[in-house]
1. Leaving out ligands and nucleic acids, and using a 1.4 Å probe, what accessible area per residue does the chain come to in Å²?
2. Can you check how the C-alpha radius of gyration of the range 31-102 compares to 2.2 N^0.38 Å, as a plain ratio?
3. Filter the chymotrypsin sites (Phe, Trp or Tyr not before Pro) in the range 66-129 down to the DSSP loop ones having no more than 10 other Cβ atoms within 10 Å, then list what survives.
4. Using 1/(1 + (r/R0)^6) with R0 = 25 angstrom and r between the beta carbons of residue 98 and residue 3, what's the FRET efficiency to the nearest 0.05?
5. When the helices in the chain are scored as -39500 (n - 2.57) per DSSP H run of 4 or longer and the sum is shared across all residues, what 222 nm value do you end up with, to the nearest 500 deg cm²/dmol?
6. Per residue, what volume in Å³ does the convex hull of the Cα atoms of the range 86-129 enclose?
7. Enter the Cα centre distance for the pair the range 75-114 and the range 60-74, rounded to the nearest angstrom.
8. Using a 1.4 Å probe on the protein chains only, how many percent of the accessible area of the chain belongs to carbon and sulfur?
Amino acid sequence: METPVPSVLAVLVVKDGAVWLRRVLAALARQTHPRLGVIAVDNASTDGSTDILRDVLGRKRIITMLQNRGFAAAVQRALSIPAARKADYILLLHDDTLLSPETVTRLVEEAGRVPGIGAIAPKVLDWEE
């Protein structure tokens, strides 16, 4: 019997990220991992980020915070939804994170190699370089 592919829920925390948000969402859509879901938490954006999220993800995959409570509070709110409790892995992202297409697949593969692993992260590079 083949082991099922682990599920990943990407939690994208957004605060006034409209300038780069479409590129970030497009990079998430190009991920090769077959079981990837995305939930966005909008931290009281005022620059049109909410509209972009609605256009790309739809209303059901957006949590709207009425006040900017910061990254940690946004993540905490996202982790309270049923999909987060069901996911095998949670991927935390800020709204200026651009992933290469294989990122999630490689992270899941690495996590599977280390028994009892609690956290894993990719190499982080500057956006422009």
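1. Spelled out: the 1.4 Å probe surface of the chain, per residue, equals 63 Å².
2. For the range 31-102, the normalised Cα radius of gyration is 1.12.
3. In loop regions of the range 66-129 (DSSP not H, G, I, E or B), the sparsely surrounded chymotrypsin sites (Phe, Trp or Tyr not before Pro) are 127.
4. Rounded to the nearest 0.05, the efficiency is 0.25.
5. Rounded to the nearest 500, it is -10000 deg cm²/dmol.
6. Hull volume over Cα atoms, normalised by residue count, gives 95 Å³.
7. Measuring centre to centre over Cα atoms gives 17 Å.
8. Its accessible area is 53 percent carbon and sulfur atoms.
The values are calculated or read from the model by the stated rules, or taken from the named source; none is laboratory data. Keep in mind that this is a model prediction, so the values were computed, not measured. All Cβ positions, even for glycine, are placed from backbone atoms using ideal geometry, and neighbour counts span all protein chains on display. Surface areas here come from the heavy atoms of the whole protein model, side chains and all, with no ligands, DNA or RNA. Shrake-Rupley method; radii C 1.70, N 1.55, O 1.52, S 1.80 Å.
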